[in-house]
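For reference, the structure discussed in these notes is given below.
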Amino acid sequence: MKNTLKISSALLLVSLSGCVGGLLGGGKPADLYSFRSEPPQRQPDANARVVAVRQFSFPNNLRPDSIETNANSRVAALAKARWSQPVPEMFRLALIDQLEQSSRTRVARSDFQKPADIMSAEISQFTATFDQGLKAPPLITIVVRAEVASGAARDVAVRSFESRTRATDATVTSIVAAYRAGVSNITQEITLWYRNI
């Protein structure tokens, strides 16, 4: 199926209560998408601030690998389209990518690196809402609460971040691009906030 076909006519909005086999139409593999940009990394300075990025939490009522939508207060998943990785892990990796754009930050990747800071986050909303009808571009809303524990005393800083991005049209390609833009905005904001803590 072409990913540029209109969702209203070519892609089904399938209730999350349905079985997985039904979502994919006879077991046909779903197309996989990513909202991660993976920019080139920079070599951190020798005295770079070391941070460990823990696993992100995600709402229990949402499937972490589904592209979630909301139409008329009904939560559903796009058929034949899924994220290439679970949302919490891909979001965590996208944040690490962004943090490593600064030579002043080093992300701890093993237990042998003792981090000065520990960052965690809770994704409370990650949905495309068809608020103007199924034929209109949906609004992608992402809400994240980030937390950083710093220093020996583990002082905690907390802040919430929100991004609302309107897709350019009602196609899977456009929706994924809007998700990617929203994730990029939030990871940049979290990174800027972290540098100033």
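Brief remarks follow.
- Cut-off under 5 Å, modelled amide H: who pairs with E68 long-range: A128
- Remark on R49: its backbone amide H falls under 5 Å from those of T105, R106, a criterion applied only to residues 5 or more positions apart or on other chains, H modelled at 1.01 Å from N.
- In order along the stretch 98-108, the phi-based Karplus estimate (6.51 cos²θ - 1.76 cosθ + 1.60, θ = phi - 60°) of 3J(HN,Hα) comes to 5, 4, 7, 6, 9, 6, 8, 10, 10, 8, 5 Hz; Gly and Pro are listed as x.
- Using the average count of surrounding beta-carbon atoms within 10 Å as a protection proxy, the listed peptides 157-170, 88-101 rank, highest first, as 88-101, 157-170.
- Per-residue ³J(HN,Hα) for the stretch 76-81, Karplus 6.51 cos²θ - 1.76 cosθ + 1.60, θ = phi - 60°, Hz, x for Gly and Pro: 8, 10, 5, 6, 6, 8
- Residue-wise HN-Hα couplings along the stretch 173-188, as the Karplus relation 6.51 cos²θ - 1.76 cosθ + 1.60 with θ = phi - 60° gives them from phi, are 4, 5, 5, 4, 4, 5, 4, 4, 5, x, 4, 4, 4, 5, 5, 5 Hz; Gly and Pro carry x.
Every number in this text was worked out from the coordinates using simple rules, so none of it is lab data. Note that the structure is a prediction, hence the values are computed from the model and not measured. Methodologically, a virtual Cβ is constructed for each residue, glycine included, from the backbone with ideal geometry; neighbour enumeration extends over all protein chains shown.
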